[in-house]
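Okay, so here's the structure we're looking at.
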Amino acid sequence: MTSTQTTMAAATPTEKTRKRASREGQPQKAGWFARIVVLTLCFLWIVPVVGLFLTSFRPRDDANETGWWTLFWTPSAWSRLSFDNYVTAWNDAGLDIAFVNTLAIALPATFIPILVAAFAAYAFAFMEFPGRNFLFLAVVSLLVVPNYIAFVPILRIYSDLEIAGTFPAVWLAHIGFGMSLAIYILRNYMATLPKSLIESAKIDGASHFQTFFRLVLPMSVPALAAFAIFQFLWVWNDLLVALIFVGPGDNAPITVALRNNLMGQAGAGQHLVTAGGFISMILPIIVFLFMQRFFVRGLTAGAVKG
Amino acid sequence: MVLKILNTLITVGVGILAALVLYWLLNKLAELLPGPWEDRIKPYLYILPAYAALVFYLVYPAVQTVVFSFANPTSTAWVGWDNYTKLLQSENFQDTLFNTLLWMIVVPVVVVALGLAMAVLADRLNPRWESTSKTIIFLPMAISAVGAGVVWGLVYDYRPEGREQIGLQNAIVTALGFDPVAWLQLDQLHINSFFLMIMLMWAQVGFSMVLLSAAVKGVPEDTLEAARIDGANERDIFFRVVVPQIWGTVLTVYVTTLIGVMKIFDIVYVMTNGGFNTNVVGNEFFNQLFSNFNNGAAAAIVVMLMLATVPIMFYQVRNFRREEMMG
């Protein structure tokens, strides 16, 4: 969501002073208080999602006239559950094309900024040049600048160039908006790599280009993965940038299509809205569940590194 | 459809390839330079594309937006401070500012508090339950605001009295014998804004939990042990030993959530589009730009937003410099 972009920015501060404590001794036993609070929070967090999931399989009349929880005491309604809503939402509400569009926007908008930022981060971490500190502080200060400032001027330029609504136009916008965060995270990570290794590569006659691709990039995989997951989720879930630079139409991503073709249509009904909603969430959720470990490790690398 | 996929694949491939070729060319360019100049120029060539993106998408537009904010809706004539005075004098915009302020006051504090509570309490469960509960709390991070709108639509849904409720909240209320409530239209005491805030908290607490959890686990065991030997109870240990040691992370989470809240747009846009006095600055910007076609007012709103983030910018830079010097 909107706020997470900057959240991650400060999520990887360079707190080098903190000591890592080994948790050898088992922490205190969980009391009833801890269990109840955690259980309650988890229950509150997951119930709305369960509601969406169950509703998305219910036929129109069931979904729009009775609450999803009635399923638990009307076993007869179980036999009416089906994938029909998914088929309709996918084929008739334009989510099929929107899904492809979102991939087409999110994949380059994830990989290109990583490459661009990694080069800059390499320069900031391993090369000496006048103005280095100043230029990096500029990146740090740009972290908090809201991307709203770009919309009016860039939209004008895009209209003049007649590229508004095209995929490269959105990629470039996402590259620009994600850049300061990417440089910040990657540079902070690269700064923790052993300098001696890079020095010895240089002595062995490796060029910066080779050192970058063969040594630094492979060693930075945790930070690269964390940023990649983050940026992918951010772009996939983005609504604002998509509305402004793509808008509804042939190239609309899934958030815009879901909002305009289903949620915004009074006649769509909860059964289709929920099915569409689930289609829009399934890929980021899979990415998230499988990559959570890397994501968390990358996020907390700065905060807990000894 | 097949054509569309094929087309998409080619565009994606070309885009990524173009980025790679760019760097290969820049590197070749540097290698053409004589002797010492190669090393002198190379760093700048490496950061050039990144800086080009930053300058084109953030620095230049910032200047241009300030300029537009003093011009009329179509940016064709100067109007001085009119955009600002009109906005600030309009009652609607004052309400919008007040709502945004409410979001800024409530959401970051709750996000930090709940995240910290989860971090500390889940830490005491056995490892399997700890990771399961954390995944559940963290999961909404992967869900878009539009998706969250669908999810929470089923919680806040309202049907007039007499019809069966399909919204969870109204089902509970009517089961208890009360009348159903149109939650998102309830603007007394900004209650509807609070319901929208809950959606953002739902999305953000996991993030706060993950960072704070790492910090809590990083608190050295011997400081806790020493406090226990001195006879401190669990509450004292938490507030006097743990909290001071993780304070830096608490501030980090607070500040970054705050920045996000200031820019909040999608939740409000999807749920109410600012109706029933739930408008916030981000949504007002969007409506000025795309409903009123008023570039001037939209730009003025952004400039105000930008000014509000300046203190945070100074804080971040100062923080960074201090940590770098210590490191």
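Just so you know, all these numbers are worked out from the coordinates, no wet-lab data involved. Here the structure is a predicted model, which is why all the values come from computation and not from measurement. Cβ coordinates were reconstructed from backbone atoms using ideal geometry, including for glycine residues, and neighbour counts include every protein chain displayed.
General observations
- Over chain A, relative contact order from alpha-carbon pairs under 8 Å, at least 6 apart, %: 38 percent
- Taking a span of 24 Å or more along the helix axis (Cα atoms) and a mean Kyte-Doolittle hydropathy of at least 1.0 as the rule, the DSSP H helices of chain B that qualify are B:2-32, B:91-122, B:191-217, B:243-262.
- Two-site FRET efficiency, B:Tyr60 against B:Leu17, from Cβ-Cβ distance with R₀ of 45 Å, rounded to 0.05: 0.95
- Here r is the Cβ-Cβ distance between B:Phe238 and B:Ala77 and R0 is 60 Å; the resulting FRET efficiency, rounded to 0.05, is 0.50.
- Listed peptides A:59-66, B:2-9, A:243-250 appear in the order A:243-250, A:59-66, B:2-9 once ranked by packing, highest mean of other Cβ atoms within 10 Å at the front.
- Kyte-Doolittle mean at least -1.0 and Cα axial length at least 30 Å: DSSP H helices in chain A: A:32-55, A:95-126, A:167-190, A:269-304
- Candidates A:Val37, A:Val216, A:Val273, ranked by Gaussian network fluctuation over chain A, Cα under 10 Å, top entry: A:Val37
- Near A:Val296, once Lys and Arg are set to +1 and Asp and Glu to -1 for all other residues with Cβ below 13 Å from its Cβ, the sum equals +3.
- Here's how it looks for B:Ala71: its modeled amide H is under 5 Å from those of B:Val79, which are all 5 or more places away or on a different chain.
- Listed residues B:Thr11, B:Gln245, B:Thr278: farthest to the positive end of the dipole of chain B (Cβ charges): B:Thr11
- Using a Gaussian network model of chain A in which every pair of alpha carbons under 10 angstrom is joined by a spring, one finds that among A:Tyr184, A:Tyr148, A:Tyr86 the greatest mean-square fluctuation is at A:Tyr148.
- Ordering B:284-292, A:254-262, A:204-212 by mean Cβ neighbour count within 10 Å, with the highest value first, yields A:254-262, B:284-292, A:204-212.
- Inter-chain shielding of B:6-15 (mean C-beta neighbours from other protein chains, 10 Å cut-off): 5
- Selection from A:Thr274, A:Val235, A:Phe290, by position along the positive dipole direction of segment A:156-292 (Cβ): A:Phe290
- As a proxy for reagent exposure, ranking A:Ile36, B:Ile198, A:Ile279 by other Cβ atoms within 10 Å from fewest up yields A:Ile36, B:Ile198, A:Ile279.
- For chain B, built as a Gaussian network whose Cα springs stay under 10 Å, the top-fluctuating residue of B:Trp37, B:Trp78, B:Trp129: B:Trp37
- Summed residue charge, Cβ within 15 Å of B:Thr74's Cβ, Lys/Arg positive, Asp/Glu negative: -1
- Classification of segment B:89-326 by its C-alpha gyration tensor yields an oblate form. The axis ratio a/c (a ≥ b ≥ c) is 1.5 or more, and b/c is at least a/b.
- Long pairs among A:Lys195/B:Lys217; A:Lys195/B:Lys134; A:Lys202/B:Lys217, criterion Cα-Cα beyond 32 Å: A:Lys195/B:Lys134; A:Lys202/B:Lys217
- Straight-distance candidates among the aspartates and glutamates for linking to B:Lys28, with alpha-carbon spacing under 14 Å and chain neighbours fewer than 8 residues away dropped: B:Glu38, B:Asp39.
- Using C-alpha pairs below 8 Å separated by at least 6 residues, the relative contact order for chain B is 24 percent.
- Each part gets one Cα centre, and for segment A:242-301 versus segment A:35-101 those centres are 15 Å apart.
- Put simply, when B:174-186, B:132-144, B:95-107 are sorted by average Cβ atoms within 10 angstrom per residue, most first, you get B:132-144, B:95-107, B:174-186.
- Computed from label points 7 Å out along Cα-Cβ, the spacing between A:Arg156 and B:Asp187 is 3.3 nm.
- About the centre of its Cα atoms, the protein assembly as shown shows a dipole size close to 1580 debye [charges on the beta carbon of Lys, Arg (+1) and Asp, Glu (-1) only; nearest 20 debye].
- Charge dipole (Cα centre; +1 on Lys/Arg Cβ, -1 on Asp/Glu Cβ; no other charges) of segment B:89-326 amounts to roughly 400 debye.
- Cβ neighbours within 10 Å from other chains - mean over A:281-289: 4
- Formal net charge of residues neighbouring B:Trp103 (Cβ-Cβ distance under 15 Å; K, R +1; D, E -1): -3
- Tensor-based shape of segment A:135-255 (alpha-carbon gyration tensor, a/c under 1.5 rounded, otherwise prolate or oblate): prolate
- Relative contact order (%) - criterion: Cα under 8 Å, at least six apart; region: segment B:156-280: 23 percent
- Taken as Cα centroids, segment B:135-154 and segment B:183-237 sit 19 Å apart, rounded to the nearest whole angstrom.
- Set of aspartates and glutamates near B:Lys263 by C-alpha distance (under 20 Å), chain-local residues within fewer than 8 positions excluded: A:Asp238, B:Asp95, B:Glu284
- Legend: mean number of C-beta atoms from other chains within 10 angstrom of residue C-beta atoms, peptide A:248-255, equals 2.
- Note on A:Ile36 and B:Asn273: the model spin-label points, each 7 Å out from Cα along the C-beta direction, lie 4.5 nm apart.
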